[in-house]
Every structure is written in structure tokens, then in C-alpha cells.
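Input: a single structure, listed below in C-alpha cells.
A short reminder: the numbers here are calculations on the coordinates, not readings from a lab. Remember, it's a predicted structure, so these values are computed and weren't measured experimentally. Here the Cβ positions follow ideal geometry from the backbone for every residue, glycine too, while neighbour counts run over all protein chains shown.
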């Protein structure tokens, strides 16, 4: 009987789920500060015993207050560790190093970590005024599946160190609902660990503004969507881009974003002597609200080469965007020297409105062969429209019929679209519009909704531009606030 009882106890023990660890950092703790309860919370970041947080779905609560030392995270476990505020605003400021470092200087890595600043509906982890990066990855390998939600990251780096708001690497990265601003260099900068697939990074629902250089800089394989990127006050930079995909390895999906006042709203450049494929840019809006230098452009794609070899631009879709009043052109695609062949790529359903640089649409395709399809776009403005070598030369083209003379050119017009509130930068279509409503090409193989998430089509055909007109309600363009956000579930 005793052996049966012991066996039952052993079975119950073995079958019991692993208990999640919960630990605390409490700056007010003065004695017996082992982290096990709020009253006994670790008194400082340096006291944290990270091995105590390797259990399944563990949580580390940070007490409200201002911390002037770097938070260095070490978590090399398959279970997820969540770090979040306990009782109010947590400010990490004045560190002589980074604000938060994932991975330590002894080779320890950090993976499967969620840093979630949401507390009572507000962003309540602020990383500000640190000497180097706001958030930094110490090691590039095995640092995957880390999530960053509801953080404010600002004013990190300086003239002497030239650092970013976030400097991150790895796969499975998520950055969402953050406010990233006024950092010395880029807002977000980094690279994926592996290539050849979409959505290695997810960057969405953020406000990224007034950083010293680019809003987002990444090399490959990122889905970047529903962000507001504003470069109006990028005062330290000579060439700030909204999204900088320099050294591009392709597999980029950029959609539903609002771009304001960057030198280039989206810049994609291949490594030297490389081809480019798998680019999706759709349902974005971009505009300029100022004047003077630096000049501004919409989408710029550069096939970078030295003239040796032959290169391709393939499987690239630029569709249903609205770019307005950009004085370096709404769209530029060019190859430096060598011949570049275009295949399975198209530019469709876009509104290029009042852009210039001697052209509303300026295609510097002297070395690019015919093959780029150009369907159902609106090119409206006071300047002439020029494209070069799309069908072995031509331009400028000033009439609607001229826009449809090249091979692969059809359904394009220079008629004026009517927006709901152009002066207020609301690019949804008015009921009075006759140029864009039901005038687009179906692209449901690539996406099926508009910038607001409304299904396409709402009428007899797709609408041109970022917004699908809904005759039941004329929508306002979405406003992204800086405080309240929807809850993100990992």
C-alpha cells in the first residue's frame, strides 16, 4: 500500500505543470532582497539572477522609478520571459552604456524575451538619454524571437558615439506600438540573421519621428506596416530616409505606412553587383509639407553595380500608394551601369500627385530593359511626366494617351483625383472623384485590403490609391496617437 501511495505521489509530481517564475525589482527594498516577492524585490538591475527566470512563461516586474544603470538581459531558454512595469513609469536614463542590452559581455545571449511597457493603457517603460544605443544586441547569433511593445525610446546617443534608438539583430523580431524619437542616429537599425523569406521582422503600429538619420534601417526580410514615420525635424542628418533598405536582400513588405518629409520615403539599394527580388510596397502615403533642402523623393530603387555582369529586378510590386508634392519625384528606379532586366514586376494603381524633379514620375532606366509593367496609375500635376528607356526611350509625356504608348503601359491617366480633405492630408477618395474610383487593376494575388483594412473592392472594381471608397461611410485617414494603443498579444 505504501509503494502504491509513493507511486501516485511520484506520478502527480511528474505530471504537474512547471510553475512559472515571477520575480520583482523593487528599488525600495533594503534587506533580504532576493526578488521572490514585491517586498523582497531585487534592489537594482545588477542584482537580478537571470537563471531564476528560465522557467516556463516567467515574468519580471520592474518597480516604478528612474534607473541610471544599464539593464543587461541574459535569457537563453526556450520558455518566454516577459519584462513589464509593476506599478507605474519605469525610466532608464543616464546610463554610461546602453539603456537595455540583450546578451551580456561574457557571451550570454538573450532570446524569447518580451519587453512590454504597457501599464494602465500607457507606455510605461521609457529609455532616454543614455550614452549609446537605447536598446542594443550584444551578440548577433542565437538572439531570436525577442518582442518589444509599448516602449518610448528617445534621445539616446550623442555626437561622439552616433548611436541608434534600437540596434538589433536576429530573426523573429517584433517592434510594435512604440514611440521612437529624437535619437542621435536611426530610430531602428539592424539586420536579419537569415534570408530568403518574408516576415523575419515585424515592425508595426509605431510612431518613429525626428531621429537624427533614418526612421528604419534593415537589410532584408521585414514586414513594416501601419507605422507613422516623420522626418520633419531630422536636423542632424544630411540624407534621412523613412525606410532605408541599403544592402537589400529582398523579401520586404512595406505597407499601410504614413511617411512625412524624408529625403527618400523608401530607399532600396542592392549590394554591389547584385539583383533584387521579392519587394512589395503598397497602401502607403507620403508627402512633403516644407520646402528647400534637403529635397524629397518617394520610392527610390537602385540596382547598384560597377558595370560588370547582368542583373535582374523581379517579383516586385509597387501598388496603391499615394505620393504627394515630392520635389525629387514620386518614383525613381535606376541601375548604375550594367544592363538590368525587369521581369514579373509592376507599378499599378498609384496616385503620383504634384511631384517634380522635371517629372512627376522619373524613371532613370538608361540601363534597364523593357519589362516593367505600368498599369492604371494617376500622374497628376503641373510638371511634365518623363520616363526613360522603359520601351527604348521617350519622354516627356504630357497627355493621357502618351502614358499608355509603351509596351506594358495601359490604363494610366493624368486626370485629377478628388480627395476627402487634401489640405488636411487626408488622401481617402471623395464621392465626387471620377479619376480613381473603380478604376484600378485587381491585385488580389498580393493583397486584398486598403490602408484602413477595408476589403478591396467596395465597388465594381478596385480603386486607385491607398484608400478604397466605402459609400456607406467616407472614412477619415487614421490617426496614430502617442499614448493609447490596442493591446498586443505575443
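Region 64-98 and region 160-217 have their alpha-carbon centroids 19 Å apart.
With the radius of gyration and the Kirkwood radius both derived from the Cα set of region 102-219, what is their ratio Rg to Rh?
Values: Rg = 13.4 Å, Rh = 14.2 Å.
Value, to two decimals: 0.95.
At 0.36 nm per residue, and after removing the present C-alpha to C-alpha distance, how many nm does the segment from residue 197 to residue 66 gain when stretched out fully? Please list the in-between numbers first.
On the way: separation 131, 0.36 × 131 = 47.16 nm, distance 4.03 nm.
That pair, residue 197 and residue 66, stretches by 43.1 nm at full extension.
When only Cα pairs below 8 angstrom with a gap of at least 6 residues are kept, region 282-334 shows a relative contact order of 60 percent. Binning the alpha carbon pair distances of region 71-140 at 10 angstrom intervals from zero yields the distribution 21, 46, 30, 3, expressed in whole percent. The mean sequence distance of close C-alpha pairs (under 8 Å, at least 6 residues apart), as a share of the length of region 77-171, puts its relative contact order at 31 percent.
Provide, as a two-decimal number, the C-alpha radius of gyration of region 19-185 over 2.2 N^0.38 Å, N being how many residues it has.
Values: Rg = 14.7 Å, N = 167, 2.2 N^0.38 = 15.4 Å.
For region 19-185, the normalised Cα radius of gyration comes out at 0.96.
Once each part is reduced to its C-alpha centroid, what is the distance from region 428-449 to region 111-133 in angstrom? When both Cα centres are located, 39 Å separates them. Here the calculated FRET efficiency for residue 460 and residue 78, from their Cβ-Cβ distance with R0 = 45 Å, stands at 0.30, rounded to the nearest 0.05. The label-point distance for residue 89 and residue 415, in a model that sets each label 7 Å from Cα toward Cβ, rounds to 5.3 nm. Stretching the chain fully between residue 47 and residue 30 yields a gain of 4.9 nm (0.36 nm per residue, less the alpha carbon separation). Both radii were evaluated on the Cα set of region 134-182; the Rg over Rh quotient, with Rh as the Kirkwood radius, amounts to 0.99. With one equal scatterer per alpha carbon and no solvent term, the Debye-computed log10 I(q)/I(0) for region 242-306 at 0.15 1/Å reads -0.49.
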